[in-house]
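**Student:** Below are the structure tokens for one structure; questions will follow.
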Amino acid sequence: MQLWSLLSALALAYSSSAVLYTAFLGIWPQFLLMWLALPPAAVLLLVPTLRRLLLGSVISVIALAIAALYTPCFYFILPLLVVRATPQPADAIVVLAGGINCKLGILPPASLERLEQGVRLWRAGYADTLVFSQQSDALTGPNCPKISELSQQFVYRTYPYGSVHFETLRNVMNTYDESREAARVVHEHHWHNVLLVTSALHSRRASLLFARQGIPFTSVPVSLLSSGGWQIPSNLERITLMRELEALFKGLILRQL
């Protein structure tokens, strides 16, 4: 019986890891792994005690997911993903990219919010250097405008007489690349502190990545805008939260965080 319990536990661990892998990472061969996970799960269902345990676990997970995503409890989870500190004088302001609309050649709302936050900090005198990301051609194609160039144009157009210096995080595809490039720039200029600007829900993961790279930083993200109170979260809010949790999980699995 002990051997059977051990084999069942191993099968449960195998099935769970395979399902998590296929659900969150999205790396091929996901369908093959999903099918490989089914036989151990089917074996577990033949054992009455384990069947009840498995059923109870599934129901509990579903109940927690519904409570977290479809009730006002959602707004108690959001602050857990936010890292915010009081801004202080720094050597530079690092504004992480929030995407780009290549077809229209414009920055989407997520990028504009981050850019405006970085510009506000610069205008307030916290630093005289703005650091922008330049996405890789492999991410958006060679004909897509660079986020860094559009960001600089925004600053020049909005404050044509401002004194500002620009630095670029080159050839990046994700936040991990941005953190590595930021570490390079910080090391080259011997900076002692930078202000890290990103979206509120992105600030936890970005802070973990910057800390992993040994970058001295202060996290000053965009304000967390949500209806809050006893409102039911919108589809956009749910999608944003799930995407960020997925990215956090990927970072942990890939040992980037």
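**Student:** Filter segment 104-129 down to the residues that are over 17 Å from Val155 (Cβ atoms) and over 24 Å from the mean Cα position of the chain (by Cα) and list them by number.
**Tutor:** Across segment 104-129, the qualifying residue is only Leu104.
**Student:** Looking only at strands (runs of 3 or more DSSP E) that fall completely inside segment 138-257, which ones have 1 or more residues that are at pLDDT 95 or above and open to solvent by 30 Å² or more (accessible area, probe 1.4 Å)?
**Tutor:** 165-172, 217-219
**Student:** While we're here: Report whether or not Arg120 is over 23 Å from Ala183 (Cα atoms), outside any strand (DSSP E or B) and among the charged types (D, E, K, R).
**Tutor:** Answer is yes for this residue.
**Student:** Quick one: which residue in Ala182, Ala206, Ala200, Ala211 is out of contact with any strand residue (DSSP E or B) (no Cβ under 9 Å at 6 or more places or on another chain), of a type in the set (A, V, I, L, M) and within 24 Å of Leu252 (Cα to Cα)?
**Tutor:** Being out of contact with any strand residue (DSSP E or B) (no Cβ under 9 Å at 6 or more places or on another chain), of a type in the set (A, V, I, L, M) and within 24 Å of Leu252 (Cα to Cα) holds for just one of Ala182, Ala206, Ala200, Ala211, which is Ala200.
Here's the yes/no breakdown for (1) out of contact with any strand residue (DSSP E or B) (no Cβ under 7 Å at 6 or more places or on another chain); (2) within 24 Å of Phe210 (Cα to Cα):
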{"residue": "Gly99", "(1), (2)": "yes, yes"}
{"residue": "Glu116", "(1), (2)": "yes, yes"}
{"residue": "Trp122", "(1), (2)": "no, yes"}
{"residue": "Thr129", "(1), (2)": "no, yes"}
{"residue": "Ser133", "(1), (2)": "no, yes"}
{"residue": "Ala138", "(1), (2)": "yes, yes"}
{"residue": "Ile147", "(1), (2)": "no, yes"}
{"residue": "Gln153", "(1), (2)": "yes, no"}
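**Student:** Which residue is nearest to Val185 (Cα to Cα), if the candidates are limited to segment 90-137 and must be touching a helix residue (DSSP H, G or I) at 6+ places or on another chain (Cβ under 8 Å) and open to solvent by 70 Å² or more (accessible area, probe 1.4 Å)?
**Tutor:** Here the answer is Asp128.
**Student:** Any chance segment 142-151 includes a residue that's among the small types (Gly, Ala, Ser) and in contact with a helix residue (DSSP H, G or I) (Cβ under 9 Å, 6 or more places away or on another chain)?
**Tutor:** Yes, segment 142-151 contains a residue that is among the small types (Gly, Ala, Ser) and in contact with a helix residue (DSSP H, G or I) (Cβ under 9 Å, 6 or more places away or on another chain).
The values are calculated or read from the model by the stated rules, or taken from the named source; none is laboratory data. Computed from a predicted structure; not experimentally measured. With ideal geometry, Cβ positions are generated from the backbone for all residues, glycine too; neighbour counts draw on all protein chains shown. Surface areas here come from the heavy atoms of the whole protein model, side chains and all, with no ligands, DNA or RNA. Shrake-Rupley method; radii C 1.70, N 1.55, O 1.52, S 1.80 Å.
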